[in-house]
Structures are given as structure tokens and as C-alpha cells.
């Protein structure tokens, strides 16, 4: 507690000294100069952006230079403000005491630090990470410029707790958070670059590419965590308690997550399902567009994307329409009238199948006469296609329409069932001549006499 009070006292003294140097008659003068410089910089920057086409200017530049040029243009107003304020500060130093320009000096340093950090952070594509890095770095730079960094660091180090054999301070937590975020971001960037390189490798199958990419990302994340823990002075043996807690969590509530992870690794290794395959799982039919360690994404024919847990692909029945080859067979059963010529029907069916664009010529379509009865002659048309991802239902519809057109052209009839109704028992019908009926009644009448 005494250490904390001493640190807080030093921090208060530093802040008071800063205010004492700033609170002079020159303070409102410097504030007015800063306002004028801000207005001048904003106007010049807006005019420059209106008359400059950044896209045309940087066309053909490397991606890194284009990102930095965009950052410079975005901070053009601040750069002009730094130049204007710095020039006025140099003029004040020649005509008066340099201490009278202290606020201008601090403003120039803070603005310069912000511009440099913003330009360097411009290479980060993730907006949240870029903003977090810029704000954190500028805060540290600002505390250093104002001379408060040592006091703030001491204050954060004074607030601490002891967990097991590890002394945890606020400063340690902040450093661990910042370094871990940067290390993880760097690991994801490197793994993303390596995954793109793997995707362009034709020697590896898609499933092996996905598996290698996931293993590389996992390894880089583990390395990042270990390096950060070692850099900030965390004893890795102290993480034994944490690993035990993770084991208990896996046993109590993370079974599904672990099962999906292990199932995903198995799927990537055995290549039973791979990106680009057309699969059916329960009522989901579509193409596999991506595979992860927890689920795979299937794009259905209606455009919806279904996320299927990896465990379901291991424990449930999965139909892979393109496991070893893309060619699949479609069976189209159809009946015709009993008076039709079976040989003629087969020729018409084969001609109809050949007229559909997606039907393969090799293997060629076949039509089998499978059954006959007193109501219909039953046939089975079999065709092969090689693009199941383009749809199965629409293909069956096209074949049925071609059959309908062919049979209508050749006058082959579709069987129409005739119902045979029989009456049991005795029934008598009484028929009355039409001449005996009144004109307002029906022309005939039947009645059943019991």
C-alpha cells in the first residue's frame, strides 16, 4: 500500500508540473494558434482530396505502398497541421522564451506520433485490429511525450495479486493482452498467406490442403502463445492448473466441440468428404464449399448455406455423389397403355433421353421393359450425368418432359385406370315414361325399390 501511495504521489507531482509549465499567459495564445492551424489544415486537406484521384495516382503500385499512400491521404490534414504548427513554434522560439511554446511542442509531437503510427498501421487490413493497435501505440507514445510513462508504469506495477506462485500485476495483464493480440494477428496473417500458397499447389488434394492449412494455423497459434508467455516472464509450469481446468471443462461441457474437432481432422485425413464434393446429409443436398475443424459448409441448390457439424458426417449416413467420380445414374420409371408396342416405346424413350443436353452418350441411355399387367406396361429409363451439382430434380423434370413430348408425338397413350363397380344383392329399377311426367320435373327419374 505504501508503494502504491508513493507512486500515486509521483504521478500527481508530474501532472502538476505539467500544468504549471502550461498555465501561463501564452496558453490562450497557443490554443488560438492551434485552432487556426487546425482550420487551415482542414481546408487545405479537403481541397487537395477533391482535386486528387488516389486510385489513378497509385494504379500499378505494390499493395503495401498503396495502403501507406491511402493512410497518408487520410491523415493529410494532420500532416499539414504538424507542418504549420511546427513552423509557428520555430518562429516563437526566435522571438521569445522556448518554454512559451510548450503546448505547441507537445501538440506537434502528439500529432507526429499519431501520423507515424497511423501510416504504419495502414498495412493491417482488419479494421478493428488496426484501430486497437493505433490507439494503444499512440497512448504509450503520448504518455512518453508528456513524461508520465514511468509514473503510470509504476502505478500499474504496484497493483498486483498473487495466484499460486505467480505475481500478477495490472501492467503484466496489459502487456500480455497487447502482445498476445499482436502475436495472434501475426500468426493468422502468416497462416492465411501459407493457406493461399497451398491452395495453388496442384500436387495436393483439396482435403490435404485444408488439413495442412489448419495444422499450420494451430501450430502458429500455439507458438504465439508460448512466445508471448515467455517474453512477459510467465512461468509455463504455472499453466498446469489452467490445463487441468481445460481438461475438466472438456469432460463436463465441451464434448461436442472436441468431438467435432476430432471428426474434422478424421474427415480431412481420410478424404471421404472434400471441398467440391456433392453430398446429401438428411434433407440437405448441395456442394461442399469449405471445411473447418468444427463444421463444413454445404451450399444448397436454393442458395442457402448449411453448416453441418463434423460429428454428423462421422455418425450419420452420408451420400457422396462425387466420391470417386462425378458420373451418376438416374432412373426414370414410367408406364404406358397396355395396347402400346413395347419396342416402339423403347425407341421413343431412348430418343427422348438423347435429346436432353446433360445426358451422357457414354454410358449410353438404356430403357428396360420391367413389368406388364392388365392396366399398364411398365418401363425404366436409365441415363447417366456427370454434373450432379447442377441439380437432380431439374434433370428428372427435363427427362419426363422429353418423354411426354415423344409419346404425344408418337400417339403412345398413358394408362387411365378404369374403376369396376359391382352391386351385391337385388335391386329393381322403375322407369316412368316421359309423357307421364309434369313439365316442371326432370325428364327422367330413377328410384330404387327395396
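Here, each number is a calculation from the coordinates, and none is a lab measurement. It should be emphasised that the depicted structure is a prediction, and the values quoted were computed from it without experimental measurement. We place every Cβ from the backbone using ideal geometry, glycine too, and count neighbours over all the protein chains shown.
Taking the average, over residues, of other Cβ atoms within 10 Å as the packing measure, peptides 31-42, 69-80, 353-364 rank 69-80, 31-42, 353-364 from highest down.
Shown for 85, 96, 293: other C-beta atoms within 10 Å of each C-beta, ranked fewest to most, produce the order 96, 293, 85. The range 248-322 and the range 77-154 have Cα centres spaced 51 Å apart. Neighbour counts of C-beta atoms inside 10 Å place 413, 59, 291, 407 in the sequence 59, 413, 407, 291, starting with the fewest.
The order of 340, 290, going from fewest to most other C-beta atoms within 10 Å of their C-beta, is 290, 340.
Counted over all Cα-Cα pairs of the range 269-409, pairs farther apart than 17 Å make up 64 percent. Panel values: the range 328-409, Kirkwood radius from alpha carbon pairs, Stokes-Einstein at 25 °C and 0.890 mPa s, translational diffusion coefficient 190 µm²/s.
Across all Cα atoms of the range 262-320, the radius of gyration (one decimal) and Dmax (whole number) stand at 10.2, 30 Å. Compute the Cα gyration tensor for the range 31-82, then decide on rounded, prolate or oblate, letting a ≥ b ≥ c be the square roots of its eigenvalues: rounded whenever a/c is under 1.5, prolate when a/b is larger than b/c in the other cases, and oblate in all that remain. Cα axes put the range 31-82 in the oblate bin.
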